[in-house]
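The values are calculated or read from the model by the stated rules, or taken from the named source; none is laboratory data. The structure displayed is predicted, hence computed values, not measured ones. As a convention, Cβ positions derive from the backbone with ideal geometry for all residues, glycine included, and neighbour counts pool all protein chains shown. Calculation scope for accessible area: heavy atoms of the full protein, side chains included, ligands and nucleic acids excluded. Shrake-Rupley method; radii C 1.70, N 1.55, O 1.52, S 1.80 Å.
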Amino acid sequence: MSRERLPRPAPIGLEEYRARRRALMDALPPRSAVLLPAAALVTRSRDSDFPFRQDSDFHYLTGFPEPDALLLLLPGRAEGECVLFCQDRDPTMEAWTGLRLGAEGAVSRYGIEQAFENGEREERLAALLDGRETLYLPLDDEAALALAESLRGELLAKQRQGAVAPRAFADVSALIHERRLIKSEAELALLRHAAEISARAHRRAMALAAPGLAEYHLQAELEHEFLWQGASGPAYASIVGGGANACVLHYIENRAPLREGDLVLIDAGAEFDLYAGDITRTFPVNGRFSAPQRALYEVVLRAQERAVAAVRPGVTLVEIHDGVVRDLTAGLIALGLLEGDLDTCIAEQRYRRFYLHSTSHWLGLDVHDVGTYRREGQARPLEPGMVITVEPGLYLPDEDDIPEAYRGIGIRIEDDVAVTAEGHEVLSAGVPKRVEEIEASMVDS
């Protein structure tokens with residue numbers, strides 16, 4: 001295998017983070033503020049923590065990489081509209097867990113206007129919110145709500161001294177998520193890079209697959225490539241399902257042997273600078289599709305390629321999904337796996353025995369990224385800068401009424417697709433998906 005290392009794309013610049021905060025503040029009503037906590041460390045067992053991963057919304061607004069921070073946005077504040085509280089500099093703790101940025105580092109390296117260490121929170125926080133009528137925060141975050149209630153109570157207790165407490169709490173998440181849905185050029189560069197790392201990992205696993213290995217051997221190859229290329233690791237739990245395990249949509253055990261004559265489904269993607277890749281490929285363990293495997297695979301491939309070709313501004317994900325349903329259902333009828341005419345099978349949703357999920361989801365800082373799928377009760381049209389997955393599949397259970405040649409076959413094909421002004425860009429095109437390409441790549445390896 002080639003040990004080439006991909007050049008890293010430029011990180012998102014401080015000016016872009018400032019512009020994001022400015023756009024959010026400009027969307028707020030007068031005399032409002034934003035309170036947004038960072039992620040906290042999560043204990044794995046006893047005194048061992050999981051690797052830290054920043055909250056996506058917090059990262060989107062700051063790029064700040066440490067846990068236990070708190071962001072305040074205070075439009076119109078003369079001393080600085082962006083205030084960050086962060087971990088205290090502590091030589092003893094830093095000897096164990098690494099250097100901390102501290103307030104000075106937050107200002108100098110991350111463009112925060114004013115920063116304080118957490119030791120000053122109790123003294124300063126309520127005063128910073130004095131006079132703000134509406135406090136925007138993530139309303140589904142119990143800790144953030146508890147903090148907001150405590151600060152409101154503290155200000156109410158000082159009303160006789162002239163303090164003014166927030167009269168209402170409002171959800172900041174929807175405001176942030178709408179902005180996250182449209183990716184900037186810098187974000188698209190990171191998503192391309194995450195997809196390219198993911199594609200190389202898939203090619204590596206495809207090249208090394210062989211009967212007698214276990215699913216976890218391919219998982220090891222995937223995740224080795226992620227880390228070799230500078231990703232932080234998987235963007236989600238890697239799925240490597242051989243044989244009938246591919247029919248389990250979120251199969252993550254990855255412990256079974258890979259057997260001669262079976263297909264293996266890999267759904268895996270790298271996370272690079274918190275942006276996610278998400279690719280699925282299905283291929284024969286021994287490098288050669290059987291006739292029934294190929295017939296079913298071609299049904300999914302045709303549906304997937306037509307769906308990718310349909311991606312462009314103005315189209316909705318519902319329309320793309322409906323096209324996939326029609327193609328898959330027609331293919332199932334042609335193979336004798338469904339009976340009846342096409343329109344009846346679709347109207348009665350007979351296909352749902354074999355196709356259980358939607359065709360697409362948003363992709364970005366989260367693998368199932370944020371943003372609404374409907375507006376005013378209608379499916380929202382795609383716009384340039386949106387990034388989606390396109391991932392039709394068929395999953396045939398090992399049951400007596402299924403022709404034996406098709407039992408226990410699961411197939412999914414997934415690409416990452418950016419919507420452009422002209423149409424679309426397939427970010428994950430670097431992994432073969434046509435039968436001849438897959439077989440040739442496995443023979444050549």
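Structure values in brief
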| quantity | calculated |
| --- | --- |
| Test: residue in the stretch 93-103 that is without any contact (Cβ under 8 Å) to a residue 12 or more places away in the chain, closer than 20 Å to Arg167 by Cα, open to solvent by 60 Å² or more (accessible area, probe 1.4 Å) and outside any loop (DSSP other than H, G, I, E, B) | no |
| Residue identified as among the acidic types (Asp, Glu), in contact with a Lys or Arg (Cβ under 8 Å, 6 or more places away or on another chain) and more than 26 Å from Asp369 (Cβ to Cβ) among Glu94, Glu79, Glu4, Glu66 | Glu94 |
| Any hit, the stretch 394-401, residues being loosely packed, with under 15 Cβ neighbours inside 10 Å and touching a residue at least 12 places away in the same chain (Cβ under 8 Å) | yes |
| Residue within the stretch 408-426 that is buried (at least 23 other Cβ atoms within 10 Å of the Cβ) and assigned to a loop (DSSP other than H, G, I, E, B) present | yes |
| Residues being surrounded by fewer than 20 Cβ atoms within 10 Å (Cβ to Cβ) and of a type in the set (Ser, Thr, Tyr) - total across the stretch 30-46 | 2 |
| Test set (1) touching a Ser or Thr at 6+ places or on another chain (Cβ under 9 Å); (2) closer than 17 Å to Thr316 by Cβ; (3) assigned to a loop (DSSP other than H, G, I, E, B) - Leu338 fails condition number | (2) |
| Matching residues, the stretch 359-405, being closer than 30 Å to Arg53 by Cα and among the charged types (D, E, K, R) | Asp366, Asp369, Arg374, Glu383, Glu391 |
| Val285 vs. criteria buried (at least 16 other Cβ atoms within 10 Å of the Cβ), in contact with a Phe, Trp or Tyr (Cβ under 7 Å, 6 or more places away or on another chain), touching a residue at least 24 places away in the same chain (Cβ under 8 Å) and among the hydrophobic types (A, V, I, L, M, F, W, C) | no |
| Matching option when the condition is in contact with a strand residue (DSSP E or B) (Cβ under 9 Å, 6 or more places away or on another chain) and without any contact (Cβ under 8 Å) to a residue 12 or more places away in the chain, among Glu142, Glu149, Glu133 | Glu149 |
| Odd one out for Asp88, checked against (1) open to solvent by 40 Å² or more (accessible area, probe 1.4 Å); (2) in a loop (DSSP other than H, G, I, E, B); (3) more than 22 Å from Pro29 (Cα to Cα); (4) touching a Leu at 6+ places or on another chain (Cβ under 9 Å) | (4) |
| Verdict on Phe52 being under 28 Å from the mean Cα position of the chain (by Cα), without any contact (Cβ under 8 Å) to a residue 24 or more places away in the chain and within 20 Å of Asp273 (Cβ to Cβ) | yes |
| Residue within the stretch 114-122 that is under 23 Å from Asp26 (Cα atoms) and of a type in the set (D, E, K, R) present | no |
| Qualifying position, being open to solvent by 30 Å² or more (accessible area, probe 1.4 Å), closer than 26 Å to Leu188 by Cβ and out of contact with any helix residue (DSSP H, G or I) (no Cβ under 7 Å at 6 or more places or on another chain), among Val318, Val308 | Val318 |
| Filtered residues of the stretch 110-161 (kept if among the small types (Gly, Ala, Ser), assigned to a loop (DSSP other than H, G, I, E, B) and open to solvent by less than 70 Å² (accessible area, probe 1.4 Å)) | Gly111, Gly131 |
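Residues are listed down the side, and each one gets a yes or a no for (1) out of contact with any Phe, Trp or Tyr (no Cβ under 8 Å at 6 or more places or on another chain); (2) surrounded by fewer than 17 Cβ atoms within 10 Å (Cβ to Cβ); (3) closer than 29 Å to Pro292 by Cα:
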residue	(1), (2), (3)
Arg326	yes, no, yes
Leu338	no, no, yes
Asp341	yes, yes, yes
Ile346	yes, no, yes
His357	yes, yes, yes
Val370	no, no, no
Ala379	no, yes, no
Ile388	no, no, no
